[in-house]
Amino acid sequence: MDTSKRFDKKRDKCPNIQCESNRAVLRNECSEGVSTAAHRVAKRGAMPCLFGKGGTCCHNCNMGPCQIIEGVEDMQGVCGATAATVAARTFCRMVAGGSSAHMDHGRGVVLAFLATARGETPYEIKDTIKLRETALRVGIDPAEKDPRDLAIEVGNKLLSEFGQQTGMPSFIKRAPKARQELWARRGVIPRGIDREVVEIMHRTHIGVDQEHKSLLSQAARCSLADGWAASMIATELSDIMFGTPVPIRSRVDIGVLKEDEVNITVHGHEPVLAEALAMAASDPEIVKAAKKVGAKGINLTGVCCTGTEVLMRRGIPVAGSFIQQEVVLATGAVEAMVVDVQCIMQGVSPVADKFHTELITTSDKAKIPGATHIQFDDHRAMDVAKEIITHAIKRYPDRGRHFIPKFRMDLVAGFSHETINYLLGGRFRASYRPLNDNIINGRIRGVAAIVGCDNYRVMDEVHAELAKELIANDVLVVATGCAATGAARAGLLVPEAMDMAGDGLKEVLEAVGCPPVLHMGSCVDNSRILIAAAEMVNTGGLGNDISDLPIAGSSPQWMSEKAVSIGQYCVTSGVYVVFGPNFPTSGSKIVTDYCFNGMADLYGGGWGVGETSNEIASKMIDHINQKRQDLGLDKKKERVLFDMAMRRELEATHLHDVGCKGPGQ
Ligand code: SF4
Ligand code: MSK
């Protein structure tokens, strides 16, 4: 992909900006002098290091670093490592990095859950039905137990799974039986959650595992400890504590910032602090303090997945995805950005510094030079939340020249597995039966997941374009994380967007009244997609295993190691996953071929790669068609070919409504 043409100084004040709201802010004089990731991409040059990009730069010991070229004898590692070994090791370490982020997140949620059950936090055990279901799943009899006592038992059991050395995490049993048997045959069932990360770090140390298939087998095992254990624990216990999401309307994009309120953005991944902030924001004392400085109130908005967590459960608007984090601050209209962990670019600090914005870190695992640190503690959650909001209120009178763009879009979020079950089947016969039946009768061709990050190295609004092409081909789309935010910005997460769907899918959506792209939550909530896939198998009629289903996944702008772990646990679970625009082992043909084809043979799901939304959609739809054919469902549903005219026709017709008018507009 030629990225050199992306920066046209004459045409654009700022380069490589994917979305209109980002362009509007960065072209406005209020953001003069602000440097964002887009600017840094342009300055660094178009192409990243090819060795690093292809996974063949090794710095695992001090005889290197070694840059390796596959098939060139003089370009092996000093230790003799081949490109296949190094690419597989690098891939493993990405999976370990991504998994460990979800594992630490999951552990934090369990600790907060236990403290809540003991009455030591301001949170509650909200979803007692889900608590009882979860108890049964982890082998605890919930009969006649007080919810708090039961929560302590469940929490302790799940906490023990992080450090256990043998056996398997409880939620592994939520996978279809055939899948569990396949994992057992392949030797990839995780033993304990943390153990699998440690083993990757050991295996990839110099002089340990040097066989790419063996290394990648451990990557598969570790990824399952993420998806079917740590992430699932985080999602399930967050639901029990904060409420299982139900459909909720809200808004997305930078225009959700308010002219006359104290703007606070929560950024990162963990829901616990954001929940406390949401509770504290409406505290009468806090509102009074805001009014005292001339603001009408507190406007809490989200960025990245912390934003998604509070969107899903509270309908709090999302100001931006990963690629918007610096730009949200470049409006000059944010009093405080409160961050927890993961995906927080260090670049937010100098941007905050240019304005009156206070950057507040809250986790001792994630400190940033230039930020104020206010340590979060579950036990003092409300006190900490109020202290943070008070800091923001104090900044409001200092707000200077600022610009809030008009862009904001409606969306409906909150599609947990339970909600989909209920929506499709109704309250008294909640079931995936109608979904399976509509796949069998061909109204719905299949289901696609669009997940993961957005990335400044990708110019186009790939998430939205990919989603449009899939739904036009009668593929129901589920989305999470920044991919969901990107699709939401394009207006695809409202029921009205069903007009863009193919006739069959539209007919089903009209009956149910839901959007063609279902927002299932944050990065850790990709576990909801695993549960939904398992439920489709259990419902019957679409084969015996996840790998039989006419489904596919994509992370078309992947950026983080978490995306690699998520992709790998989907592949290990039997799903075909297409990454874009590049694949992290491209420096080794041997390893890439193994990921694409070898893993497909082993797990029934494999990796793929595509540069454009069109290429990715083609691969996903071809896979879905093949699965339909294998199931004997193929009624020769022709693929709708997507050309430019069609793309234009399908542009979202919902007009962005006009937000506030800040100076400079
Ligand atoms: Fe080079 Fe081998 Fe050391 Fe890696 S482990 S840096 S390939 S010598
Ligand atoms: S925040 S991991 S950029 S989805 Fe979850 Fe977004 Fe990817 Fe971070």
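Pairs under 6 Å by beta carbon, first residue away from ligand 1 (no atom under 16 Å from the Cβ) in the stretch 548-563, partner of a type outside the set (Gly, Ala, Ser) and part of a strand (DSSP E or B), six or more apart or different chains? Matching pairs, first to second residue: ILE551/VAL447; GLY553/VAL577; SER554/ILE450; SER554/VAL578; SER555/PHE579; TRP558/PHE579. Just a yes or no: is a residue in the stretch 508-522 open to solvent by 10 Å² or more (accessible area, probe 1.4 Å), more than 16 Å from ligand 2 (Cβ to nearest atom), out of contact with any Gly (no Cβ under 7 Å at 6 or more places or on another chain) and on the phi > 0 side of the Ramachandran plot? Taking every residue of the stretch 508-522 in turn, at least one turns out to be open to solvent by 10 Å² or more (accessible area, probe 1.4 Å), more than 16 Å from ligand 2 (Cβ to nearest atom), out of contact with any Gly (no Cβ under 7 Å at 6 or more places or on another chain) and on the phi > 0 side of the Ramachandran plot. Restricting ASN455, ASN473, ASN436 to those that are within 25 Å of ALA42 (Cα to Cα) and either in contact (Cβ under 8 Å) with a residue 40 or more places away in the chain or within 16 Å of ligand 1 (Cβ to nearest atom) (or both) reduces the list to ASN455. Among (1) open to solvent by less than 10 Å² (accessible area, probe 1.4 Å); (2) not in a helix (DSSP H, G or I), there is one condition LEU329 misses while meeting the rest; what is its number? Result: LEU329 passes all but (2). May I ask you to list the residues in the stretch 502-529 that are over 30 Å from ALA175 (Cβ atoms) and either outside any helix (DSSP H, G or I) or within 16 Å of ligand 1 (Cβ to nearest atom) (or both)? Result: GLY502, GLY513. When the residues of the stretch 566-611 are filtered to those that are more than 20 Å from the chain's Cα centre (by Cα) and of a type in the set (A, V, I, L, M, F, W, C), which remaining residue is most open to solvent (accessible area, probe 1.4 Å)? Only one residue fits best here, namely ILE590. When GLY243, GLY255 are checked against the criterion of being of a type outside the set (Ser, Thr, Tyr), away from ligand 2 (no atom under 16 Å from the Cβ) and out of contact with any Gly (no Cβ under 8 Å at 6 or more places or on another chain), GLY243 stands alone in meeting it. If only residues of the stretch 70-116 that are closer than 23 Å to SER416 by Cα, of a type in the set (Gly, Ala, Ser) and in contact with a Leu (Cβ under 9 Å, 6 or more places away or on another chain) are counted, the one that is surrounded by the fewest Cβ atoms within 10 Å (Cβ to Cβ) is ALA112. In summary, LEU277 fulfils each of the numbered conditions (1) in contact with a Pro (Cβ under 8 Å, 6 or more places away or on another chain); (2) under 23 Å from ARG408 (Cα atoms) with the single exception of condition (1). The residues on offer are MET520, MET536, MET498, and the sole one that is without any contact (Cβ under 8 Å) to a residue 60 or more places away in the chain, closer than 25 Å to TYR422 by Cβ and not polar (S, T, N, Q) is MET498. Taken as a whole, the condition of being of a type in the set (Gly, Ala, Ser) and outside any helix (DSSP H, G or I) does not apply to GLY598.
Let's see how each residue does on (1) more than 33 Å from the chain's Cα centre (by Cα); (2) away from ligand 2 (no atom under 16 Å from the Cβ):
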{"residue": "ALA37", "(1), (2)": "no, no"}
{"residue": "LYS43", "(1), (2)": "no, yes"}
{"residue": "LEU50", "(1), (2)": "no, yes"}
{"residue": "GLY55", "(1), (2)": "no, yes"}
{"residue": "GLU73", "(1), (2)": "yes, yes"}
{"residue": "CYS79", "(1), (2)": "yes, yes"}
{"residue": "ALA88", "(1), (2)": "no, yes"}
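The lone criterion from (1) open to solvent by less than 10 Å² (accessible area, probe 1.4 Å); (2) touching a strand residue (DSSP E or B) at 6+ places or on another chain (Cβ under 9 Å); (3) modelled with pLDDT under 95 left unmet by ALA290 is number (3). Report yes if some residue within the stretch 90-104 is more than 20 Å from the chain's Cα centre (by Cα) and among the aromatic types (Phe, Trp, Tyr); otherwise report no. No; the residues of the stretch 90-104 include none that is more than 20 Å from the chain's Cα centre (by Cα) and among the aromatic types (Phe, Trp, Tyr). Number of residues in the stretch 474-488 that are within 14 Å of VAL412 (Cβ to Cβ) and assigned to a helix (DSSP H, G or I): the value is 4.
The values are calculated or read from the model by the stated rules, or taken from the named source; none is laboratory data. If you're wondering where the values come from, they're calculated on a predicted model, not measured in any experiment. No Cβ is skipped: glycine too gets one built from the backbone with ideal geometry, and neighbour counts run over all protein chains shown. Each accessible area value is taken on the protein alone, full model and side chains, heavy atoms only, with ligands, DNA and RNA left out. Shrake-Rupley method; radii C 1.70, N 1.55, O 1.52, S 1.80 Å.
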